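Input: a single structure, listed below in structure tokens.
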Amino acid sequence: MKSVKFGGKDVCPSKIVCIGRNYAAHIQELDNETPTEPVIFIKPNSSLSDEIYFNAENSIHYEGELTFLIRSGKLHGVGFGLDLTKRELQSTLKSKGLPWERSKSFDNSAVFSEFITLPDDISNLSIELHINERLVQRGNHELMLYKPTEILNEISGFLSLEDNDLIMTGTPEGVGAVQQGDVFTGRILANDTIIVEQSWTVKSP
């Protein structure tokens with residue numbers, strides 16, 4: 001089983017539950033319909049990676065996301081996540097009414113910072129993604145169509161969440177293609193103070 005860091009220790013999520021179309025501006029960005037309920041899909045443990053890899057054959061798009069770690073069925077930890085997506089393949093699958101797994105759940109498609117214990121007030125949390133020191137994505141709790149506690153309740157209504165499972169809460173506008181050599185820096189902020197920060201340099205596979 002692959003692992004992520006929580007409080008300096010390796011922990012193994014059995015799965016990553018992801019929410020699509022949770023920011024209005026991103027929905028418009030990709031010309032999607034606004035959902036009437038959370039759009040939910042899953043990445044397996046095998047999707048986890050410590051690195052971002054460039055793919056010359058299939059363009060990979062980045063999606064920065066506020067991500068929560070689960071303990072005892074509750075939101076317990078928080079970190080920065082990258083949901084990496086084969087965008088052209090996803091568009092083809094969507095046009096045929098087929099599932100997204102080939103474009104979303106492939107190896108190395110889920111990259112995370114270290115996780116820390118969740119602050120008391122999650123309504124003050126926000127994310128930023130910088131590429132080569134340029135801000136490309138920014139989002140916060142207020143802009144989410146479905147808030148983290150709503151998402152947790154929705155998921156728990158049909159799916160058992162194990163300790164250390166992860167919930168990715170959707171991406172704000174500003175997604176784009178991953179380029180070899182790019183330096184990604186993801187941040188989680190609470191009341192505009194950085195509480196999590198991690199950088200990655202895009203590598204060849």
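The values are calculated or read from the model by the stated rules, or taken from the named source; none is laboratory data. Predicted, not measured: the structure shown is a model, and the values here were computed from it. Reconstructed Cβ throughout: ideal geometry from the backbone, glycine too, with neighbour counts over all protein chains shown.
Observations
- Residue satisfying condition, being among the aliphatic types (A, V, I, L, M), surrounded by fewer than 19 Cβ atoms within 10 Å (Cβ to Cβ), under 18 Å from the mean Cα position of the chain (by Cα) and at pLDDT 95 or above, within set Val11, Val4, Val39: Val11
- Which numbered condition His141 fails, given (1) of a type outside the set (D, E, K, R); (2) loosely packed, with under 12 Cβ neighbours inside 10 Å; (3) within 16 Å of Tyr23 (Cα to Cα): (2)
- Ser103 vs. criteria of a type in the set (Ser, Thr, Tyr), in contact (Cβ under 8 Å) with a residue 40 or more places away in the chain and within 25 Å of Asp165 (Cα to Cα): no
- Failed item, numbered, when Lys147 is tested on (1) farther than 20 Å from Asn22 by Cβ; (2) basic (Lys, Arg); (3) touching a helix residue (DSSP H, G or I) at 6+ places or on another chain (Cβ under 9 Å): (1)
- Number of residues in segment 153-163 that are surrounded by fewer than 20 Cβ atoms within 10 Å (Cβ to Cβ) and within 19 Å of Gly79 (Cβ to Cβ): the value is 3.
- Any pair with Cβ under 6 angstrom, 6 or more apart, that starts in segment 124-143 at a residue that is modelled with pLDDT of 95 or more and ends at one that is among the basic types (Lys, Arg): Glu128/Arg138; Glu128/Arg187
- Scope segment 63-91; condition surrounded by fewer than 20 Cβ atoms within 10 Å (Cβ to Cβ) and at pLDDT 95 or above; matching residues: Arg71, Ser72, Gly73, Lys74, Leu75, His76
- Residue within segment 49-62 that is at pLDDT 90 or above, buried (at least 23 other Cβ atoms within 10 Å of the Cβ) and not in a strand (DSSP E or B) present: no
- Here is the figure for segment 93-122: residues that are modelled with pLDDT under 95, in contact with a Lys or Arg (Cβ under 9 Å, 6 or more places away or on another chain) and farther than 13 Å from Lys43 by Cα total 1.
- Some residue of segment 188-202 being closer than 17 Å to Leu48 by Cα, within 13 Å of the chain's Cα centre (by Cα) and surrounded by 16 or more Cβ atoms within 10 Å (Cβ to Cβ): no
- Selected residue (only one of Leu129, Leu98 is more than 17 Å from Pro13 (Cα to Cα) and not in a loop (DSSP other than H, G, I, E, B)): Leu129
- The residues of segment 138-170 that are within 26 Å of Met1 (Cα to Cα), polar (S, T, N, Q) and not in a helix (DSSP H, G or I), listed by number, are Ser160, Asn164, Thr169.
- Looking only at residues in segment 171-205 that are assigned to a loop (DSSP other than H, G, I, E, B) and among the small types (Gly, Ala, Ser), the one that is modelled with the lowest pLDDT is Ser204.
- Segment 14-36 - residue that is surrounded by fewer than 16 Cβ atoms within 10 Å (Cβ to Cβ), in a loop (DSSP other than H, G, I, E, B) and among the charged types (D, E, K, R) and, of those, modelled with the highest pLDDT: Glu33
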